[in-house]
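The values are calculated or read from the model by the stated rules, or taken from the named source; none is laboratory data. As the structure is a prediction and not an experimental result, all values here were calculated from the model. Cβ placement follows ideal geometry from the backbone for every residue including glycine, while neighbour counts extend to all protein chains displayed. Each accessible area value is taken on the protein alone, full model and side chains, heavy atoms only, with ligands, DNA and RNA left out. Shrake-Rupley method; radii C 1.70, N 1.55, O 1.52, S 1.80 Å.
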Amino acid sequence: LHKIKSHRRCSPSSIDVPEIPSASSIVDICKNTVRKMDQELFSYYDETSKEFASNGMKYYSSWIEYAYPNRINRSHLFKELCSKSKISSANLMLAQILHSCEFANTVFTTNFDDSIKKALNLMGTKNFFCAENIMDNLVVSNQTKDIQVIHVHGTFNFYDCANLEKEIDNVAT
């Protein structure tokens, strides 16, 4: 249900845009952060990143690491971006579909926000399971009738969220 175009983390087709910035907007935030820290370093990184500008995931990952080299700082960035956001209409519609229990009961999402969880709560859905980190994913069941939301990359609540290229590769193994 969460369709990601190309290799971008949150493309314009993401269920959260415009409430949560897209990957290109996050890159812009990171560029501005580096520019404010050190203009010379920004120029160096800007030049260096051109060599992999055609590889969206590598470009995105690099700028986040330049601006936020520490996993905890990255988690704080995503927490700030997500905590300010409203629930998108697409998330509300998805919650309504899940709440009805007629079409689906499980969502696998690469998004690291808690918007689906908030939307389910808003719908009055009390009993659902939300896998927010790698260990939670171990208890996902294809035999249950309960609603399940599986964040395959984790959520901003955990600094182990897999967002960068190498973090995603580690989770995949």
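Screening the stretch 70-117 for residues that are buried (at least 17 other Cβ atoms within 10 Å of the Cβ) and among the basic types (Lys, Arg) and picking the one that is nearest to Glu132 (Cα to Cα) gives Lys117.
Residue-level check: of (1) open to solvent by less than 50 Å² (accessible area, probe 1.4 Å); (2) touching a residue at least 60 places away in the same chain (Cβ under 8 Å), Lys58 misses just (1). I'm trying to understand the selection: among the residues of the stretch 110-162, which are within 20 Å of Glu80 (Cβ to Cβ) and hydroxyl-bearing (Ser, Thr, Tyr)? Within the stretch 110-162, Thr110, Ser115, Thr155, Tyr159 qualify. Taking into account only those residues within the stretch 155-173 that are surrounded by 14 or more Cβ atoms within 10 Å (Cβ to Cβ) and assigned to a helix (DSSP H, G or I), which is modelled with the lowest pLDDT? For the stretch 155-173, the residue satisfying everything is Val171.
Return the total of residues in the stretch 58-76 being outside any loop (DSSP other than H, G, I, E, B), at pLDDT 90 or above and not acidic (Asp, Glu).
Final tally of qualifying residues: 9.
Go over the candidates Asn105, Asn91 one by one and state the one that is touching a Lys or Arg at 6+ places or on another chain (Cβ under 7 Å) and closer than 15 Å to Gln148 by Cα.
Details: Asn91 fails: touching a Lys or Arg at 6+ places or on another chain (Cβ under 7 Å).
Asn105 is the lone residue from the list that is touching a Lys or Arg at 6+ places or on another chain (Cβ under 7 Å) and closer than 15 Å to Gln148 by Cα.
Return the pair list, or none, for Cβ contacts closer than 8 Å from residues in the stretch 99-123 that are touching a residue at least 60 places away in the same chain (Cβ under 8 Å) to residues that are surrounded by 14 or more Cβ atoms within 10 Å (Cβ to Cβ) and of a type in the set (Lys, Arg), at least 6 apart or on different chains. That search, which allows pairs on different chains as well, returns Thr110/Arg9.
Quick check: is even one residue across the stretch 46-54 touching a Lys or Arg at 6+ places or on another chain (Cβ under 7 Å), assigned to a helix (DSSP H, G or I) and open to solvent by 20 Å² or more (accessible area, probe 1.4 Å)? The answer is yes, given that some residue of the stretch 46-54 is touching a Lys or Arg at 6+ places or on another chain (Cβ under 7 Å), assigned to a helix (DSSP H, G or I) and open to solvent by 20 Å² or more (accessible area, probe 1.4 Å).
Within the stretch 121-137, restricting attention to residues that are within 16 Å of Leu92 (Cα to Cα) and part of a helix (DSSP H, G or I), the residue that is least open to solvent (accessible area, probe 1.4 Å) is Met123.
Among the residues of the stretch 25-40, write down those that are in a helix (DSSP H, G or I) and open to solvent by less than 90 Å² (accessible area, probe 1.4 Å).
Taking the stretch 25-40 and keeping what is in a helix (DSSP H, G or I), we get 25-37, 39-40.
Within the stretch 25-40, Ser25, Ile26, Val27, Asp28, Ile29, Cys30, Lys31, Asn32, Thr33, Val34 meet the criteria.
Just a yes or no: is a residue in the stretch 140-154 among the acidic types (Asp, Glu) and open to solvent by 50 Å² or more (accessible area, probe 1.4 Å)? Let's see the steps before the verdict.
Of the stretch 140-154, the ones among the acidic types (Asp, Glu) are 146.
The next check asks that each one be open to solvent by 50 Å² or more (accessible area, probe 1.4 Å); those that pass are 146.
The answer is yes; a qualifying residue exists.
Close contacts from the stretch 129-143, counting a first residue that is within 16 Å of Asn170 (Cα to Cα) and a second that is among the small types (Gly, Ala, Ser), with Cβ to Cβ under 7 Å and a gap of 6+ residues or different chains, come to Asn133/Gly154; Ile134/Gly154; Asn137/Ala131.
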